[in-house]
Amino acid sequence: MSRPLPALAASLLLAGCLTLPVRGNVEGTDEVFSGTATGRMSGAGSLQIRSSTGTTCTGRFAYIWDNYGRGNFTCSDGRSGPFDFYSTGVSGHGRGYLNGKRFTFDFGI
């Protein structure tokens, strides 16, 4: 019997954290990113993504409100920038900038 997503999310949150897949791209380019985002009960979290060009980016974020958060990226090629996101708990979307270029992403189950 499969468990509904809200029950799964609640179980993972009770364990102290929830890690979800992330996929995004830099608008106007062919560069695609994938990786994971991990949120913690404290409202803080981290993001690790890798691009189709081999660039790795890490980020830290914190929830500002119940379903809205902000953070910053730093990439291995020197790019960096802010991002924000909206979350349902098990999925969501966000946007940010890497050296002034728009970056959009989705995450979730």
In whole Hz, the Karplus estimates of ³J(HN,Hα) for region 43-60 (6.51, -1.76, 1.60; θ = phi - 60°; x where Gly or Pro) are x, 9, x, 9, 9, 9, 9, 10, 8, 5, 9, x, 6, 10, 10, 10, x, 10
Through the Karplus equation 6.51 cos²θ - 1.76 cosθ + 1.60, θ set to phi - 60°, convert the phi angles of region 95-109 into ³J(HN,Hα) values in whole Hz; use x for Gly and Pro. 8, x, 9, 10, 6, x, 9, 5, 10, 10, 8, 10, 9, x, 7
Hey, can you grab everything whose amide H is under 5 Å from the amide H of VAL22? Only 5+ residues off in sequence or another chain; H modelled, so Pro and N-termini drop out. GLY35, THR36, ALA37
Which one, SER42, PHE105, PHE73, is farthest towards the positive end of the dipole of the chain when Lys and Arg carry +1 and Asp and Glu -1 on their Cβ? SER42
Taking Cα pairs closer than 8 Å and at least 6 residues apart, the relative contact order of the chain in percent is 22 percent
Across region 84-93, in residue order, what do the Karplus-derived ³J(HN,Hα) couplings come to in whole Hz, using 6.51 cos²θ - 1.76 cosθ + 1.60 with θ = phi - 60° and x for Gly and Pro? 9, 7, 10, 10, 8, x, 10, 7, x, 8
Once amide hydrogens are built 1.01 Å from N within the peptide plane, the residues lying 5 or more places from ASP77 or on another chain with amide H under 5 Å from its amide H are THR56
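Quick note: the coordinates plus some simple rules give every number you see, no bench work behind them. Note that this is a predicted model, so its numbers are computed, not measured. Quick reminder, even Gly has a Cβ in these numbers, built from the backbone with ideal geometry, and neighbours come from all protein chains shown.
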